[in-house]
Amino acid sequence: MDDPAATFIDQTTQNHPPTIYSTGSLRLDIALGVGGVPGGTIIEINAPEAGGKTTLAYHLISEAQKTGSACAFIDSDRAFEAGFARQCGVQIEQLYFSQPAHAEQAFDIIETLVSSGAFALVALDSLNSLVSWHELTNPISEPTSRSAVDALEIEPELLGRSLRRLSGILPHTDTAVIFTSRTDRRMSTIYHQLAAHPARLALKLNASVHIRLSHQSNLVLNGQVTGERFRVRVIKNKFAPCLQPIDFDIIHHQGIDKTGEVVDLGVHCQLIQQKSTGIYFREERLGRTASEAIRFLNQNIIVRNNIEKAIRQLLISESHPAAT
């Protein structure tokens, strides 16, 4: 006899597939297997200092806003740059923004926003900057008893309890919750100690997708550094197999170079062809060189979107309900 609960869950999943929010990088969308990050999930983004995690969060918000959805940015780092966020495509006037005073307030805000069901994406940048109310009100002259391992994160019990509450709410919403956190070399030396403290593993256990970024090289044009190249690894993915690492470029005053990815992948898929008279997409001439093609597509977004759509149809699996 079939389990009625299992039947109900299966029907609910089929009738209401999660919304997919693009990351702003076509290569990363393909690596995630379903075309982006699904709603109703927790996403963890790790990177070293100045490692591109905030830029990726900006692009996630920008792509979600393009669908007409509301988004929120919780800035615990006190490092929000409105100008750069605009350059990444974020509509500042339509963005809910908050700078919580302590960790408890940050998690209360996230829980309230997710419970409302009115937000497509909520991003917290970052976990490392959160301080509990107890530590905030503790006299500065009073010594702390936290160990070196504890100092790397907020109180693990607080994080574990907050994520458990969120995990109970998210299945009933289509909200994606993004947590960014900083990684450094010390993490590899102390990671084995985390096994004795399960609460510290709360985010890794509750996150459906775990993305890690690392700096690869600088992009130089005419002797000037114009951007940076990052290596991206999908460490955990509940929706598709974790594929090989991919690279994407972040251009200064622009953000992720999505147009460059479209051209490269279009050539790889033979959708963009080099002919004697120039570079073509079907009957559309994009220019004589790759740089001219990128410039043309930046000025003709409709053509770029058509190429991107064709690439997605070829490279993103349609077997998963969220990808269709």
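Which of (1) within 20 Å of SER217 (Cβ to Cβ); (2) touching a Cys at 6+ places or on another chain (Cβ under 8 Å) is the odd one out, the single condition LYS236 does not satisfy?
(1)
Output the residues belonging to region 110-132 that are exposed (fewer than 14 other Cβ atoms within 10 Å of the Cβ) and in a helix (DSSP H, G or I). Before the answer, list the steps.
Taking region 110-132 first, the residues exposed (fewer than 14 other Cβ atoms within 10 Å of the Cβ) are 112, 116-118.
Of everything in region 110-132, those that are exposed (fewer than 14 other Cβ atoms within 10 Å of the Cβ) and in a helix (DSSP H, G or I) turn out to be THR112, SER116.
Does VAL232 meet the test of being at pLDDT 95 or above, of a type outside the set (Lys, Arg), closer than 20 Å to THR180 by Cα and surrounded by 19 or more Cβ atoms within 10 Å (Cβ to Cβ)?
Yes: the conditions hold for VAL232.
For the list (1) assigned by TED's automatic domain parsing to the domain that holds GLY33; (2) exposed (fewer than 14 other Cβ atoms within 10 Å of the Cβ); (3) in contact with a helix residue (DSSP H, G or I) (Cβ under 9 Å, 6 or more places away or on another chain), I need the number of the one condition that GLY223 fails.
Answer for GLY223: the failing condition is (3).
Checking the structure you have, find out if any residue of region 87-98 is more than 19 Å from LEU166 (Cβ to Cβ), in the same structural domain as SER214 (by TED's automatic domain parsing), touching a residue at least 40 places away in the same chain (Cβ under 8 Å) and in a helix (DSSP H, G or I).
The answer is yes; a qualifying residue exists.
Cβ-Cβ distance below 6 Å, separation of 6 or more or different chains: which pairs start in region 251-278 with a residue that is touching a residue at least 12 places away in the same chain (Cβ under 8 Å) and farther than 20 Å from HIS59 by Cα and end on one that is of a type in the set (A, V, I, L, M) and surrounded by fewer than 16 Cβ atoms within 10 Å (Cβ to Cβ)?
Taking only residues 6 or more apart or on different chains, the pairs are CYS269/LEU314.
Six or more apart or on different chains, Cβ under 9 Å: which pairs go from a residue in region 229-246 that's closer than 24 Å to ALA50 by Cα to one that's assigned to a strand (DSSP E or B) and acidic (Asp, Glu)? Could you list them?
ARG229/ASP247; ARG229/ASP249; PHE230/ASP247; PHE230/ASP249; ARG231/ASP247; VAL232/ASP247; ILE235/GLU44; LYS236/GLU44
Would you check if PHE107 is assigned to a helix (DSSP H, G or I) and either closer than 19 Å to ARG182 by Cα or polar (S, T, N, Q) (or both)?
On the way: assigned to a helix (DSSP H, G or I): yes; either closer than 19 Å to ARG182 by Cα or polar (S, T, N, Q) (or both): yes.
For PHE107, the condition - assigned to a helix (DSSP H, G or I) and either closer than 19 Å to ARG182 by Cα or polar (S, T, N, Q) (or both) - is met.
Of all residues being acidic (Asp, Glu) and part of a loop (DSSP other than H, G, I, E, B) in region 53-86, which is surrounded by the most Cβ atoms within 10 Å (Cβ to Cβ)? Just the residue, please. Reasoning before the result, please.
Filtering region 53-86 for residues acidic (Asp, Glu) gives 63, 75, 77, 81.
Filter once more, keeping what is part of a loop (DSSP other than H, G, I, E, B): 77, 81.
Values: ASP77: 17, GLU81: 12.
The selected residue is ASP77.
Just the residues that are modelled with pLDDT under 55 and either of a type in the set (Asp, Glu) or exposed (fewer than 13 other Cβ atoms within 10 Å of the Cβ) (or both), please, taken from region 172-189.
In the first step, residues of region 172-189 are kept if they are modelled with pLDDT under 55; the result is 185-189.
ARG185, ARG186, SER188, THR189, listed by residue number.
Would you be able to say whether some residue in region 38-47 is within 13 Å of the chain's Cα centre (by Cα), at pLDDT 95 or above and over 27 Å from ALA202 (Cβ atoms)?
no
Which residues, taken from region 263-317, are surrounded by 14 or more Cβ atoms within 10 Å (Cβ to Cβ), touching a strand residue (DSSP E or B) at 6+ places or on another chain (Cβ under 6 Å) and not in a helix (DSSP H, G or I)?
Hits for region 263-317 are ILE272, GLY278, ILE279, TYR280, PHE281, ARG285, LEU286, GLY287.
The values are calculated or read from the model by the stated rules, or taken from the named source; none is laboratory data. Since we're looking at a predicted model, the values are computed, not measured. With ideal geometry, Cβ positions are generated from the backbone for all residues, glycine too; neighbour counts draw on all protein chains shown.
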